[in-house]
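Right, one structure below, let's go through it.
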Amino acid sequence: MAEGERDQVLAEFQAFTALEDIDTCIQILETNDWNLMRAVNSVMPGSDGGLSPTGREPPPSGFEDISPPPYSASSPDNDNNIADSRAFFDPSSASECNVAIPSTSNSSPKRRHPGGGPRPRMLNFKVEYRDQNFYFNVGDNEKIGKVKELLSQKIGVSPEKQSLRGWSTRKTRVEDDKILRDLHLPKENTLFLLTPDVSNPTLVKPTVDVEMESLTEALNRTYALHINFTENGEVRHYKLNMPGSKTIGEVKSDVYALTNLPARHQIWTGWPDSAKNDDSMTIGCCGLNYPIHNLELTKANIITRPKKVPFNEVVQEIEISDDDDDDLNPMEDDMFDHDDIPSRGRPTPLMPESVNDEVEALEHFTKEFRERYGETHPVFYVGSLEDAIKEALNGKAKDRKLLAVYLHHDGSILSNVFCSQILCSDSVVNYLSSNFITWAWDMTHETNCARLITMATRHFGNVVAGQIRCLKPEQLPMLLVISRARATNEVIDMIPGSVTLDELMTRLIHDSESFQQQQRIDIQDEEEREARDTIRREQEEAFKESLAADRKKVEEQRLQQEMEIKKQEEEERQRREEEERKMAIQQSAALQIPEEPPESSKEAVARLRFRTPTGDVKLRRFRASEPLRNVLFYLTSEGFHIEDYKILTTFPRRDISQLDEMKTLEELKLYPQETLILEEK
């Protein structure tokens, strides 16, 4: 093939896969005899390329892989190419070094274990149990029972009563006699220990350098970190006071702010062995000296990128020494860092580093995603994750939708292929728009990844956050499907970017159907609850109306009683005034009555007998020459007011109170005597 044709194939391969490393692209094309389709298929999702021994990423721990088996070519040529690509992308080396190292027949043999077999690969285990974390380093030639034996020494629970969960394997349970190597585990593993048959185990105090009474006490301590930073022969001293709850990764970020030295270029001396490879561990749990711990920091030597290897030269396999078998030196990792290499059309990041405003970050993500992959793409929700959850899952049951969280990483080979060929296909876009609320996040930068883990912990719990924390760039992109069950948010599916279009649609449809079944139940429950609430409201309204009527009736009775009381008081007042008036009239009348003539008086005297309504008889003598008015004054002074009584003679019957009161008694024929009857009017 001519040189110009190879350049054209190389350019098309880079444009399609978004791979920037020219050497890696040339090696892949060389492996596939510069056949563009074969080379692309070797890194395509679902192909049997160099992504994993099965052609797909294993599902995250705690989730069962239900995706269909990957497509496998049947032609001999394809089998040979697949075998070559597997040899080129060794899974174990790719997962640990983040770089593909080709193997050739002339490469030097790997070191062998003294027992004759291959040297065991050391695996790091973090086991969470009842608010405590236990850390172990176990060779992959050991059995699972070995992990349980180590745990038994820590917690005092026999291995047969232990149930370990969280294995990154398709099986939900694994047997104790299973070899760890056969599980194809990653180097870093987080497991969860359950002891359902043990109620209150007596935990053996962890053997760490620092003595603490409890995890809470360690996290609440303040550690003084004395850091000696050496750069260009100059030593600078830093004294940092850090709470025990701060992670090692956060300490490195804080040091980056002080020294302007990125975490990937920091070489540390003084961290405990259990914390060297786990930046998510808190400093209170990793075994630091308390209260002061000394650390040494130097800058990694950034080696320039090696020259391009000619096509006819064989790339020798890197021999890893016993000391560096598990962890590559940061200096070697920097050999493959592209930050110091001029970029060839590197796209703008989907999300800026150190996001402060989630809304602005999602707007930037949507804009850059559209520029990369065209106008046909999922409609990403622009807002915080909390708002997206409320929009999708917290409304009425009939209005709810599944929440799809798309996790992107520009450092993954699959990202460009998955987005351009699968996620932005018409069928996926239409289905997501109709049945999902789609929210996205870019995990390319460490700060954004840490922010996502914090949000996941708050909204989905520690298990999901731990699974996201364990994701490596080559395991992305990923689509999380989130539903709501029993008033909690639940991740029901984690779909890796290695799926094919058919597999993705199958899993989305399956998740949607399961959600719709639960949604119908929720709608029925909600309708029944609303019916009960309606009845309760009607009863409450009827009770309120009855109570209001009773209150109104009581109020009317109270007002009526008050009116009656006021009326009685008014009548009583009038009665008293009337009595006072009559009493005044009586007193005035008594003053105007002449004295009664004596028995021996020689004047003409009229003897009058007054018979009261009560039957009493009163006798009074008056001079015959006195006017009738004096008689009326007398009766008034005795309490018989003329306005209230009639004064009647016996025969002929007449009312003398109606006669002329100025006439004398003699003129009125009341002399010499007369009986007068008092009768109430």
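A few points about this structure:
- Förster-model FRET efficiency, 51 Å R0, residue 581 and residue 534, C-beta, rounded to 0.05: 0.15
- At an R0 of 22 angstrom, the distance between the Cβ atoms of residue 625 and residue 653 translates into a FRET efficiency of 0.30.
- Here r is the Cβ-Cβ distance between residue 19 and residue 264 and R0 is 22 Å; the resulting FRET efficiency, rounded to 0.05, is 0.60.
- Paramagnetic label zone (point 7 Å from Cα along Cα-to-C-beta, residue 677; backbone N under 17 Å) in segment 630-661: 645-658
- Length added when fully stretched, residue 541-residue 595, from 0.36 nm per residue minus Cα-Cα: 11.3 nm
- Candidate lysines for bridging to residue 582, where Cα separation is under 29 Å - those fewer than 8 sequence places away on the same chain excluded: 566, 567, 618, 646, 663, 681
- The figure for residue 271 is an accessible area of roughly 20 square angstrom, using a 1.4 Å probe on the protein chains alone.
- Full extension of the chain between residue 396 and residue 555 gives 52.9 nm of extra length, using 0.36 nm per residue less the Cα-Cα distance.
- Over 28 Å apart at the Cα level, from the set 187/299; 367/396; 187/239, are 367/396; 187/239.
- Most to least packed among 543-553, 248-258 [average Cβ atoms within 10 Å]: 248-258, 543-553
- Computed over the alpha carbons of segment 379-497, Rg followed by Dmax gives 13.8, 40 Å.
- Distance from the Cα centroid of segment 594-673 to that of segment 496-562 is 93 Å (rounded to whole angstrom).
- Whole-angstrom gap from segment 361-438 to segment 2-34, using each part's C-alpha centre: 31 Å
- Divided by 2.2 N^0.38 Å, where N counts the residues, the Cα radius of gyration of segment 605-681 comes to 0.97.
- Which listed pairs, of 154/178; 161/472; 154/252, have C-alpha distances above 25 Å, in listed order: 161/472; 154/252
- Between residue 161 and residue 239, the distance separating the two model label sites (each 7 Å from Cα on the Cα→Cβ line) works out to 4.9 nm.
- For segment 424-548, the fraction of 1.4 Å probe accessible surface lying on carbon and sulfur atoms is 51 percent.
- Each principal axis of the Cα cloud of segment 352-433 was evaluated for its coordinate range; sorted largest first, these ranges are 39, 34, 20 Å.
- Extension gain, residue 363 to residue 195, is 55.8 nm, computed as 0.36 nm per intervening residue step minus the present C-alpha separation.
- Heavy-atom accessible surface of segment 219-305: percent carbon and sulfur, 1.4 Å: 46 percent
The values are calculated or read from the model by the stated rules, or taken from the named source; none is laboratory data. In this text, all values refer to a predicted model and were calculated from it rather than measured experimentally. No Cβ is skipped: glycine too gets one built from the backbone with ideal geometry, and neighbour counts run over all protein chains shown. We work out accessible area using only protein heavy atoms, side chains counted, and drop any ligands, DNA or RNA first. Shrake-Rupley method; radii C 1.70, N 1.55, O 1.52, S 1.80 Å.
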